[in-house]
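Heads up, the thing below is written out as structure tokens.
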Amino acid sequence: MSDRGNGLLVKGGRLFDPGSGVDGIGDVLVRDGVIAESGEVAEGQADEVINAAGLWVLPGLMDMHVHLREPGQEHKETTATGTQAAVAGGFTAVACEPNTVPPCDSAARLAAAMETAERTAVARVLPKCAITLGQKGRELTDLEALCAAGAVAASDDGASVEDGEVMRAAILSAKQVGLPLTLHVDGPAMVERDIGLAAEAGWRVHFSHVSLAEEVGLIAEARAKGLHVSGEATPHHLALTADDAPVGNADFKMNPPLATARDVAALRSALADGVLTVIASDHAPHAPTEKGLRYEEAPPGVIGLETTLAVVWTRLVEAGTASPETTVRALTSGPAEVLGLSTPSLRKGAPADITLFDPKRSWVVEPRHFKSKGRNCPFAGDELRGKVVGTIVDGRVAMREGSILEAGAA
Ligand code: DOR
């Protein structure tokens with residue numbers, strides 16, 4: 001199903017687009033990859049109609065922290081399977097981390113990743129590049145060339161830049177080319193150091209997977225001073241504490257690790273107060289054989305693309321600690337703003353990236369049914385409320401009721 005004929009009409013859903021101030025029952029007409037009309041649209045105008053009664057129609061969700069593993073670790077995930085997982089979870093765009101094998105640290109490698117995405121992805125892929133060559137923390141990558149090649153941000157995810165002088169130079173270089181930096185948080189000391197360096201350089205930094213109350217405090221303080229500092233929280237750090245992890249179960253092992261109830265409360269308040277403006281999955285697939293190793297040897301990381309919205313909806317929205325508006329913003333305009341991209345929107349003329357969500361549907365998380373190759377999900381067996389039932393990317397229905405409808409279309 002696609003809008004390439006005479007259009008696609010999403011009819012009678014609750015259009016919920018906080019960025020545009022829209023919340024009400026209505027229709028969206030999609031034609032030639034853009035939203036042709038939004039509001040009330042007569043039925044005869046389109047070849048295809050999706051009955052969205054009872055559904056929320058959201059601007060396409062964006063996940064700015066995803067590990068696609070291609071090239072080099074295709075046994076964990078590929079661009080194809082990772083983006084299929086993305087659309088299954090309602091994400092129309094994913095920013096992918098550079099810690100592939102080899103790392104994405106040159107324009108040629110970035111171009112190759114983009115070429116793979118063009119061939120195989122069913123969601124938009126926004127590549128991040130490494131900050132240092134080989135992600136070794138010593139020599140800077142050529143951010144100018146990487147930016148020109150299409151990098152949306154530079155990231156050292158999976159490995160922090162330990163050397164403060166290297167980070168200082170990286171921030172200056174990123175500033176010169178106007179590239180956002182998304183930094184792997186490794187405790188409050190490093191957050192404090194990087195906020196100081198960003199302030200000195202007059203450039204913005206974003207902190208990935210913030211998990212501790214102290215880190216939240218530093219980010220809040222910096223933002224109150226008017227510094228361009230932002231941060232994201234993952235669904236697992238928002239929903240779980242270390243006490244929820246069964247001893248020795250590596251599906252609960254990630255970096256940074258699950259924290260305390262006090263930390264979780266701080267993350268939730270920060271989201272509600274606008275200190276943290278992004279929810280990102282940190283989707284980090286590993287093969288079942290790798291996660292099945294002894295706990296100490298198992299690699300850190302959990303998957304999240306197919307559960308993020310439902311986990312946040314069930315554990316935060318339904319529990320009254322996050323509003324639907326905060327949640328949708330943190331999955332749309334929040335990440336777009338950090339990456340300097342246009343805000344996903346249901347307005348006429350916007351790219352036709354749309355997520356259809358049934359907030360009432362309950363389902364049980366069964367990783368064996370995931371589109372991702374990963375099974376390392378800490379929410380396995382949980383009953384969640386809220387399910388993404390359709391995802392439209394660039395005007396094409398990429399997923400409907402769990403079926404991937406068009407490959408290689410994004
Ligand atoms: O748990 C994690 N896994 N944290 C990271 O920062 C990297 C990621 C991975 O690549 O598996």
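The values are calculated or read from the model by the stated rules, or taken from the named source; none is laboratory data. What you are looking at is a predicted structure, and each value in this text was computed from that prediction instead of being measured. Cβ atoms come from the backbone with ideal geometry, glycine included; neighbour counts cover every protein chain shown.
Looking at segment 192-209, which of its residues are within 16 Å of the ligand (Cβ to nearest atom) and either assigned to a helix (DSSP H, G or I) or on the phi > 0 side of the Ramachandran plot (or both)?
First, pick out the residues of segment 192-209 that are within 16 Å of the ligand (Cβ to nearest atom): 194, 206-209.
Scanning segment 192-209 gives ASP194, HIS209.
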* Residue that is surrounded by the fewest Cβ atoms within 10 Å (Cβ to Cβ), among those in segment 277-336 that are acidic (Asp, Glu) and over 24 Å from SER372 (Cβ atoms) -> GLU296
* Residue among ARG368, ARG396 that alone is of a type outside the set (A, V, I, L, M, F, W, C), closer than 29 Å to VAL49 by Cα and over 15 Å from the mean Cα position of the chain (by Cα) -> ARG396
* To do: Pick out the one residue from ALA53, ALA108, ALA42, ALA80 that is surrounded by 19 or more Cβ atoms within 10 Å (Cβ to Cβ) and either among the aliphatic types (A, V, I, L, M) or out of contact with any Pro (no Cβ under 8 Å at 6 or more places or on another chain) (or both).
  => ALA80
* To do: With the checklist (1) farther than 14 Å from ARG347 by Cβ; (2) part of a strand (DSSP E or B); (3) among the hydrophobic types (A, V, I, L, M, F, W, C) in hand, flag the one item ALA53 doesn't pass.
  => (2)
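Considering only segment 278-310, how many residues are touching a residue at least 60 places away in the same chain (Cβ under 8 Å), away from the ligand (no atom under 14 Å from the Cβ) and assigned to a loop (DSSP other than H, G, I, E, B)? Give the steps one after another, and end with the answer.
If we filter segment 278-310 for residues that are touching a residue at least 60 places away in the same chain (Cβ under 8 Å), which is where we start, we get 278, 280-288, 290-291, 301-310.
Those left that are additionally away from the ligand (no atom under 14 Å from the Cβ): 278, 288, 306-310.
Pick out the ones that are also assigned to a loop (DSSP other than H, G, I, E, B) and you get 306-307.
Number of matching residues: 2.
Kindly indicate whether VAL328 is farther than 23 Å from VAL28 by Cβ and touching a residue at least 40 places away in the same chain (Cβ under 8 Å). Write out each step before concluding.
Details: farther than 23 Å from VAL28 by Cβ: no; touching a residue at least 40 places away in the same chain (Cβ under 8 Å): yes.
In short, no.
Do the conditions hold for ALA336, that is, is it within 16 Å of the ligand (Cβ to nearest atom), within 12 Å of the chain's Cα centre (by Cα) and closer than 30 Å to GLY390 by Cβ?
When the stated conditions are applied, ALA336 does not pass them.
Look through ASP273, ASP244, ASP251, ASP282 and report the one residue that is of a type in the set (Asp, Glu) and in contact with a Ser or Thr (Cβ under 6 Å, 6 or more places away or on another chain).
On the way: ASP273 fails: in contact with a Ser or Thr (Cβ under 6 Å, 6 or more places away or on another chain); ASP244 fails: in contact with a Ser or Thr (Cβ under 6 Å, 6 or more places away or on another chain); ASP251 fails: in contact with a Ser or Thr (Cβ under 6 Å, 6 or more places away or on another chain).
Every option except ASP282 fails the conditions.
Suppose we filter ALA174, ALA189, ALA222, ALA239 for residues that are of a type outside the set (Lys, Arg), within 16 Å of the ligand (Cβ to nearest atom) and out of contact with any Ser or Thr (no Cβ under 7 Å at 6 or more places or on another chain); which single one remains? Talk me through it step by step, then tell me what you get.
Working: ALA174 fails: within 16 Å of the ligand (Cβ to nearest atom); ALA189 fails: within 16 Å of the ligand (Cβ to nearest atom); ALA222 fails: within 16 Å of the ligand (Cβ to nearest atom).
From the options ALA174, ALA189, ALA222, ALA239, the qualifying one is ALA239.
Regarding LYS348, is this residue touching a residue at least 40 places away in the same chain (Cβ under 8 Å) and surrounded by fewer than 18 Cβ atoms within 10 Å (Cβ to Cβ)?
Working: touching a residue at least 40 places away in the same chain (Cβ under 8 Å): yes; surrounded by fewer than 18 Cβ atoms within 10 Å (Cβ to Cβ): yes.
Criteria met by LYS348.
Taking into account only those residues within segment 97-113 that are within 16 Å of the ligand (Cβ to nearest atom) and out of contact with any Cys (no Cβ under 8 Å at 6 or more places or on another chain), which is nearest to ALA398 (Cα to Cα)? Even if it seems obvious, please write down each step before you answer.
Residues of segment 97-113 that are within 16 Å of the ligand (Cβ to nearest atom), as a first pass: 97-105, 113.
Subset that is out of contact with any Cys (no Cβ under 8 Å at 6 or more places or on another chain): 97, 99-103.
Working: GLU97: 23, ASN99: 27, THR100: 25, VAL101: 28, PRO102: 30, PRO103: 29 Å.
Filtering segment 97-113 for residues that are within 16 Å of the ligand (Cβ to nearest atom) and out of contact with any Cys (no Cβ under 8 Å at 6 or more places or on another chain), the one nearest to ALA398 (Cα to Cα) comes out as GLU97.
Matching residues to (1) touching a Pro at 6+ places or on another chain (Cβ under 9 Å); (2) part of a loop (DSSP other than H, G, I, E, B); (3) touching a residue at least 24 places away in the same chain (Cβ under 8 Å):
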{"position": "SER211", "(1), (2), (3)": "yes, yes, yes"}
{"position": "VAL216", "(1), (2), (3)": "no, no, yes"}
{"position": "ILE219", "(1), (2), (3)": "no, no, yes"}
{"position": "LEU227", "(1), (2), (3)": "no, yes, yes"}
{"position": "GLU232", "(1), (2), (3)": "yes, no, yes"}
{"position": "HIS237", "(1), (2), (3)": "yes, no, yes"}
* Inter-residue pairs, beta-carbon under 8 Å, first in a strand (DSSP E or B) and in segment 150-169, second within 16 Å of the ligand (Cβ to nearest atom) and modelled with pLDDT under 95, 6+ apart -> SER155/HIS184
* Asked: If you scan segment 252-277, which residues turn out to be away from the ligand (no atom under 16 Å from the Cβ) and either at pLDDT below 95 or assigned to a loop (DSSP other than H, G, I, E, B) (or both)?
  -> THR260, GLY274, VAL275, LEU276, THR277
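When residues of segment 115-146 are filtered for being in a helix (DSSP H, G or I), of a type in the set (S, T, N, Q) and surrounded by 19 or more Cβ atoms within 10 Å (Cβ to Cβ), how many remain? Outline the logic, then answer.
The first filter runs over segment 115-146 and keeps only residues in a helix (DSSP H, G or I), leaving 115-120, 133-135, 143-146.
Okay, now just the ones that are also of a type in the set (S, T, N, Q), so 116, 120, 135.
Now restrict to residues that are surrounded by 19 or more Cβ atoms within 10 Å (Cβ to Cβ): 120, 135.
So the answer is 2.
Kindly evaluate SER155 against the criterion of being modelled with pLDDT of 95 or more, within 16 Å of the ligand (Cβ to nearest atom) and not aliphatic (A, V, I, L, M).
Details: modelled with pLDDT of 95 or more: yes; within 16 Å of the ligand (Cβ to nearest atom): yes; not aliphatic (A, V, I, L, M): yes.
Against the criterion (modelled with pLDDT of 95 or more, within 16 Å of the ligand (Cβ to nearest atom) and not aliphatic (A, V, I, L, M)), SER155 qualifies.
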